[in-house]
Amino acid sequence: QVNFVESGGGLVQPGGSLRLSCAVSTSIFWYYTLGWYRQAPGAQREFIATITSGEKTNYADFVKGRFTISRDNAKNTVYLQMNSLKTEDTAVYYCNFSPPGTTWGQGTQVTVSS
């Protein structure tokens, strides 16, 4: 069973930055397309960004130019650099494969507030 362990969330002011990390327990991390997703209170989980094994990236329109996804295959870790954060970015952030599997980690809470 693959496990996802997200970290790096916290409280940040509007306009601030955070870097999220997600460690993935699989021996073939390099093979997978990885994604970041988020779920705000009362809302459905939504796609944010993906990165392929060849490091091709794709972003949801609402984060383009602000968020950057990256990966380190040697560390089995995928990252999400978030800049110019807005209050509407407040959510629990998750990583998973793309398309996502049925197993999800606990996520990491990001709160953007003044």
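Here's a check for you: in the stretch 18-31, which residue that is of a type in the set (Ser, Thr, Tyr) and over 11 Å from Asn3 (Cα atoms) is most open to solvent (accessible area, probe 1.4 Å)?
Tyr31
Kindly provide the set of residues from the stretch 32-77 that are open to solvent by 60 Å² or more (accessible area, probe 1.4 Å) and either touching a Cys at 6+ places or on another chain (Cβ under 6 Å) or charged (D, E, K, R) (or both), ordered by number.
Selection gives Arg45, Glu46, Glu55, Lys56, Asp61, Lys64, Lys75.
Of Lys64, Lys86, Lys56, which residue is without any contact (Cβ under 8 Å) to a residue 40 or more places away in the chain, over 15 Å from Thr33 (Cα atoms) and basic (Lys, Arg)?
Lys64
Got a number for residues in the stretch 17-54 being part of a loop (DSSP other than H, G, I, E, B) and on the phi < 0 side of the Ramachandran plot?
15
Being surrounded by 13 or more Cβ atoms within 10 Å (Cβ to Cβ), modelled with pLDDT of 95 or more, over 13 Å from the mean Cα position of the chain (by Cα) and in a loop (DSSP other than H, G, I, E, B) is the filter here, so list the residues in the stretch 1-16 that pass it.
If the condition is that a residue be surrounded by 13 or more Cβ atoms within 10 Å (Cβ to Cβ), modelled with pLDDT of 95 or more, over 13 Å from the mean Cα position of the chain (by Cα) and in a loop (DSSP other than H, G, I, E, B), then Pro14, Gly16 are the ones that fit.
Take the residues of the stretch 94-114 that are in a strand (DSSP E or B) and under 15 Å from the mean Cα position of the chain (by Cα): which is farthest from Val5 (Cα to Cα)?
Thr111
The values are calculated or read from the model by the stated rules, or taken from the named source; none is laboratory data. Keep in mind that what you see is a predicted model, and the values were worked out from it rather than measured. Cβ coordinates were reconstructed from backbone atoms using ideal geometry, including for glycine residues, and neighbour counts include every protein chain displayed. Please note that ligands, DNA and RNA were not included when accessible areas were found on the heavy atoms of the full protein model with its side chains. Shrake-Rupley method; radii C 1.70, N 1.55, O 1.52, S 1.80 Å.
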